[in-house]
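Below: the structure, in structure tokens.
Read the figures in this text as sums done on the coordinates, not as results from a lab. Everything numeric here is computed off the predicted structure, so don't read it as measured data. Note that we place each Cβ from the backbone using ideal geometry, even for glycine, and neighbour counts take in every protein chain shown.
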Amino acid sequence: MKREENGDIKDYLACVKSVDDNIGRVLDYLKENNLEENTIIVVTSDQGFYLGDHGFFDKRFIYEESLRMPFMVKYPGKIKAGSDNEDIITNIDFAPTLLELAGISTTQKMHVIGESARRANFSLYGYHKKTNPLLSKLNNLYAYPANSSATYTTAGVKSILDHKKSRNFYEILPNYLYRNGIDVIWRTTNWGEPNINIKNYINKQDLGKICLNKSSGYDEILLCGLKERIQNSGSNKMFIVLHTSTSHGPTYSKKYPKQFNQFLPICESVELSKCTQEELINAYDNTILYTDYILSEVIKDLSQLKGYNSTMLFVSDHGESLGEKNLYMHGFPMSIAPKEQFEIPFIVWTSNDSVILKENKSLSQYHVFHSVLDFLAIESPVYDATMSIFK
Ligand SMILES: [Zn+2]
């Protein structure tokens, strides 16, 4: 080692010693003023540094020495002195960790609108085929029976966003929240939506420009970059809507990637009456299997966001006929519609064990509006506590 390099290392170590001395002064002050117990001390860095390693005296190359940094915490009562944590953390974990220690969390509501998802074909509701292998393994997941108030998309989606059944046009949930300063995101691969007057509205074409991968033709494109978008929000209340199209007929078999072709044989014709009912139901069940995957990926993303208090709701716009009474798809007048067209799933997941839900024996689409206001703690003259799913 050259002499000047040796000198640099001594200078560097002197700096480290100086930092240590001054942290000692801070600790002494806290002790003298009885502030030790309720003060969190964190010693960390923005990055590491080379001290001749690899021939460098710098930091701007990706080797272990410049990537590694210390993260030391002193917080009596919460963190045991001398304990080690081998998990890898990074700079973006600092803010959520400190917010959690301070008891402050970001609240967010994720709402997934299903398309033509009928309740009877979800194993969460007792279906004999395993169409929910992933969701059925999760904790804090609740599946409530619900009926849609219509059998076609525009009316079903409107009911999910309205605060009550009415022929009048009231301000819908995303517009109301956006106007009240909530960070609202709407991503869609579907259509038939009322006017969504928010800044962050992204349709399938726009998502396709930023999300290029092999599955981008399917509904999982809705999740592309979403976790990072949430982390960069800067708002402590968020409402995110993913409007899917997975179970929309008649081409059920075209709505999911090949690996979800698990129930066979399937109907591949657009003329549904040319397939056997078994082929038709198999193709449809594969769309529910894919929905199970998408919802579990949403929950995985939300679970990884530490310091966030999240819930996910999945409610469909209407159900679907699959050849029962020789009826196909949906759109029958509500007064004479078969139950397959209006019996829908209402699935809830919460990140927080302390969030308690009511018994909620049977729900409507209008429960969404009031549950979202309740969860985000937003006061409103139209809020009806009896319509919230939360205790
Ligand atoms: Zn629909």
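Could you pull out which residues in the range 42-67 have an amide N less than 13 Å from a spot 7 Å beyond the Cα of Leu98, following the Cα-Cβ vector?
From the range 42-67, the list is 42-46.
Sort Met72, Met329, Met110 so that the residue with the fewest other Cβ atoms within 10 Å of its own Cβ comes first and the one with the most comes last.
Going from least to most buried by this count: Met72, Met329, Met110.
Karplus couplings for the range 48-61 from phi (6.51 cos²θ - 1.76 cosθ + 1.60, θ = phi - 60°), rounded to Hz, Gly and Pro as x?
x, 7, 8, 10, x, 5, 6, x, 10, 10, 5, 9, 8, 10
Under the Kirkwood approximation for Rh and a Cα-based Rg, what ratio Rg/Rh is obtained for the range 3-89? Don't skip to the end; give the middle numbers.
Details: Rg = 16.3 Å, Rh = 15.4 Å.
Expressed as Rg/Rh, it is 1.06.
Between the range 41-71 and the range 219-258, what's the alpha-carbon centroid distance in Å?
Using only Cα atoms, the two centres lie 38 Å from each other.
What distance in nm lies between label points placed 7 Å from Cα along the C-beta direction at Thr154 and Gln262?
If labels sit at Thr154 and Gln262, their model points lie 3.7 nm apart.
On alpha carbon coordinates alone, what is the Rg over Rh value for the chain, Rh being the Kirkwood radius?
Details: Rg = 26.4 Å, Rh = 24.1 Å.
On the Cα set of the chain, Rg over Rh gives 1.10.
Count the DSSP beta bridges whose two residues both fall in the range 161-307, then state the antiparallel fraction as a percent rounded to the nearest 5.
On the way: 0 of 9 bridges.
Antiparallel bridges: around 0 percent, rounded to the nearest 5.
What residue among Leu222, Leu212, Leu322 has the largest mean-square fluctuation in a Gaussian network model of the chain, using Cα springs under 10 Å?
Per the Cα network of the chain with a 10 Å cutoff, Leu212 tops the list.
For Leu212 and His54, what is the calculated FRET efficiency with R₀ set at 30 Å and r taken between the beta-carbons, to the nearest 0.05?
Details: r = 35 Å, r/R0 = 1.17.
Efficiency at R0 = 30 Å is approximately 0.30.
Can you tell me the length gained on complete extension of the stretch Phe61 to Tyr328, counting 0.36 nm per residue apart and subtracting the Cα distance? Let's see the in-between values first.
Details: separation 267, 0.36 × 267 = 96.12 nm, distance 6.08 nm.
Fully extending the segment from Phe61 to Tyr328 adds 90.0 nm.
Can you tell me what share of the DSSP beta bridges in the chain is antiparallel? A percent to the nearest 5 is fine. Don't jump to the answer; show the numbers that get you there.
On the way: 19 of 46 bridges.
Taking every DSSP beta bridge within the chain, about 40 percent pair in antiparallel fashion.
Say the dipole of the chain comes from +1 at the beta carbon of Lys and Arg and -1 at that of Asp and Glu; which of Val19, Ile160, His243 then lies farthest toward its positive end?
Comparing the listed Cα positions along the dipole, Ile160 ranks first.
What fraction of the Cα pairs in the range 209-321, stated in percent, has a spacing above 16 angstrom?
Working: 4054 of 6328 pairs.
Tail of the P(r) past 16 Å holds 64 percent of the pairs.
Using packing as a proxy for protection, rank 286-293, 186-193, 13-20, 260-267 so that the peptide with the highest average count of other Cβ atoms within 10 Å comes first.
Details: 286-293: 25.2, 186-193: 20.0, 13-20: 10.4, 260-267: 17.1.
Ranked by mean Cβ neighbours within 10 Å, highest first: 286-293, 186-193, 260-267, 13-20.
Dipole size in debye (nearest 20) for the chain around its Cα centre, Lys and Arg Cβ +1, Asp and Glu Cβ -1? It would help to have the intermediate numbers written out before the result.
On the way: 42 positive and 47 negative charges, 220 e Å.
The calculation lands at about 1060 debye.
In a shell of Cβ-Cβ distance under 14 Å around Ser296, excluding Ser296 itself, what net charge do Lys and Arg (+1) and Asp and Glu (-1) give? Don't skip to the end; give the middle numbers.
Values: positive: Lys130, Lys137, Lys300; negative: Asp219, Glu220, Asp292, Glu297, Asp301.
Value of the local net charge: -2.
Give the angle, between 0 and 90 degrees and rounded to the nearest 10, that separates the Cα long axis of helix 3-32 from the longest principal axis of the Cα atoms of the chain.
Compared with the principal axis, the helix lies near 70 degrees.
If amide H atoms are built 1.01 Å from N in the plane of the peptide, which residues on other chains or at least 5 residues away come under 5 Å of the amide H of Ser116?
Those lying under 5 Å, H to H, from Ser116 are Asp317, His318.
Tell me, what HN-Hα J-couplings in whole Hz come from the Karplus equation 6.51 cos²θ - 1.76 cosθ + 1.60 at θ = phi - 60° for each residue of the range 181-193, using x for Gly and Pro?
x, 7, 6, 10, 10, 10, 10, 9, 10, 10, 9, x, 9
Go ahead and run the numbers for FRET between Glu379 and Leu13, Cβ-Cβ distance against an R0 of 45 Å, rounding to 0.05. Write down the numbers at each step before the final one.
Values: r = 57 Å, r/R0 = 1.27.
Approximately 0.20, to the nearest 0.05.
Kindly express, to the nearest 10 degrees and within the range 0 to 90, the angle between helix 277-304's C-alpha long axis and the longest C-alpha principal axis of the chain.
Value to nearest ten degrees: 20.
Show the residues, 5+ positions off or on another chain, whose built amide H is closer than 5 Å to the amide H of Val241.
Long-range HN contacts for Val241: His111, Ile185, Trp186, Arg187.
Compute the label zone of Ile356 within the range 362-391: residues whose backbone N is under 11 Å from the point 7 Å along Cα-to-Cβ.
Answer for this model: 391.
Can you compute the charge dipole magnitude of the range 136-276 about its Cα centre, using +1 on each Lys and Arg Cβ and -1 on each Asp and Glu Cβ, nothing else charged? Give it in debye, rounded to the nearest 20. Don't skip to the end; give the middle numbers.
On the way: 18 positive and 10 negative charges, 19 e Å.
Here the range 136-276 has a charge dipole of around 100 debye.
Please list, ordered by chain and number, the residues whose modelled amide H lies under 5 Å from the amide H of Phe390; skip anything fewer than 5 residues away on the same chain.
Hits under the 5 Å cutoff: Lys358.
What whole-number distance in Å separates the alpha-carbon centres of the range 297-332 and the range 156-174?
Result: 18 Å between the Cα centres.
For the range 194-201, in order, what is each residue's ³J(HN,Hα) by Karplus, 6.51 cos²θ - 1.76 cosθ + 1.60 with θ = phi - 60°, in whole Hz (x at glycine and Pro)?
x, 5, 9, 9, 9, 6, 9, 9
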